[in-house]
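A quick write-up on the structure given underneath.
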Amino acid sequence: LTYSKLKSKTERFDSIMNKNKFLYLSMDDQFIPAMNLTYTYDDKVRQRRVHTWWQASITEGGNLVSGAYMLAGKEWSQKGKKLLNNPYAQFVKLTAELHKAYKMGEKSVLATRVMGGVIFTYGNSIVAPYSEQFYCGGANSIRAYTVRGIGPGGHRGSNTSFLDQTGDIKFEANMEYRFNIVGSFNGAIFVDTGNVWLMREDEDRPDAKFNLKDCWNQIAVGTGLGLRYDMEFLVLRLDMGIPVHNPYKTGNSGYFNREKIKDCMSLHFAVGYPF
């Protein structure tokens with residue numbers, strides 16, 4: 001159970017919210033009664049040359065409450081229904097993630113990851129709660145970009161509008177070759193791809209809705225190098241990512257439409273492996 005209420009606002013907050021009605025709706029007061037079912041498969045204990053990890057999850061919000069309202073005579077699609085004097089969210093969210101790690105040698109591994117997700121809103125909700133929306137970028141995602149640094153779709157946010165760079169659909173794929181350098185120091189070479197999209201049109205975020213025709217050019221691609229220090233009980237990680245293909249228009253033609261490398265590198269420090 002998540003109860004979200006906006007207690008105070010600033011002029012800067014209002015200026016961002018007023019420019020994006022969907023963002024305002026997603027961060028408005030709401031109650032989120034949700035249930036989640038997650039299935040995880042992991043064969044690491046079998047010590048195979050190929051390690052498989054798979055996880056699928058389904059989350060529903062507000063549907064049991066709406067069912068109770070129907071028994072009380074209210075329609076399923078009726079808007080503005082409240083619980084504890086707060087509008088409640090109504091959605092279904094599906095995610096799936098697959099990891100494969102191939103042992104290439106005594107101290108080298110090729111690790112891969114594919115992840116996808118979608119969230120459907122209906123009934124009492126037009127937009128999914130902000131905390132449930134998908135985003136890309138950061139140390140455990142597409143490392144050529146900062147957190148919420150790309151998307152949705154071909155939309156390009158400014159430095160002050162990262163709050164609206166979330167979506168209803170997500171796809172990511174990663175590949176990383178890990179190898180030993182010396183002692184406890186390990187290195188990595190990686191490629192990350194992916195983006196998020198919207199299910200509905202948003203006039204404040206052009207090119208953000210998912211379209212099968214355009215989505216291939218809206219998949220960001222980044223590459224980079226990483227350094228890891230293995231302390232046995234934890235791993236300290238430093239990754240430097242460089243964009244190869246930006247999902248938005250940059251003014252540069254062709255597939256390799258990144259800006260100058262010195263202006264678009266991202267550095268991430270984290271604990272543990274990204275996948």
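Summary of computed values
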{"quantity": "For the chain: accessible area per residue (Å², 1.4 Å)", "calculated": "56"}
{"quantity": "Relative pair counts by distance (%), Cα atoms of segment 97-145, 10 Å bins", "calculated": "18, 33, 27, 14, 6, 2"}
{"quantity": "Loop-resident sites, segment 190-267, for chymotrypsin sites (Phe, Trp or Tyr not before Pro), counting at most 15 other Cβ within 10 Å (DSSP)", "calculated": "Trp216, Phe233, Tyr255, Phe256"}
{"quantity": "Square roots of 5 times each gyration tensor eigenvalue, C-alpha, the chain, largest first, Å", "calculated": "36, 24, 17"}
{"quantity": "Accessible-area composition of segment 149-214, carbon plus sulfur, in percent [1.4 Å probe]", "calculated": "57"}
{"quantity": "Qualifying trypsin sites (Lys or Arg not before Pro) for segment 99-197 [loop in DSSP, other Cβ within 10 Å: at most 13]", "calculated": "Lys107"}
{"quantity": "Restricting segment 89-143 to chymotrypsin sites (Phe, Trp or Tyr not before Pro) in coil, as DSSP defines it, with at most 16 other Cβ within 10 Å", "calculated": "Tyr122"}
{"quantity": "Alpha carbon centroid spacing (whole Å) that separates segment 1-56 from segment 235-249", "calculated": "23"}
{"quantity": "Choice from Ile181, Ile189, Ile32 with maximal GNM fluctuation in the chain (Cα, 10 Å cutoff)", "calculated": "Ile181"}
{"quantity": "Evaluated at q = 0.18, 0.19 Å⁻¹: base-10 log I(q)/I(0), Debye formula over Cα of segment 75-199", "calculated": "-0.97, -1.03"}
{"quantity": "For Met70, solvent-accessible area (1.4 Å; no DNA, RNA or ligand), Å²", "calculated": "90"}
{"quantity": "Area accessible to solvent at Leu37, 1.4 Å probe radius, in Å²", "calculated": "120"}
{"quantity": "Probe 1.4 Å - accessible area at Ser77, Å² to nearest ten", "calculated": "70"}
{"quantity": "Asn211/Met70 FRET efficiency (R0 41 Å; Cβ-Cβ; nearest 0.05)", "calculated": "0.75"}
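The values are calculated or read from the model by the stated rules, or taken from the named source; none is laboratory data. Computed from a predicted structure; not experimentally measured. Glycine gets a Cβ as well: all are built from the backbone with ideal geometry, and neighbour counts include every protein chain shown. Ligands, DNA and RNA are excluded from the accessible area calculation, which covers all protein heavy atoms including side chains. Shrake-Rupley method; radii C 1.70, N 1.55, O 1.52, S 1.80 Å.
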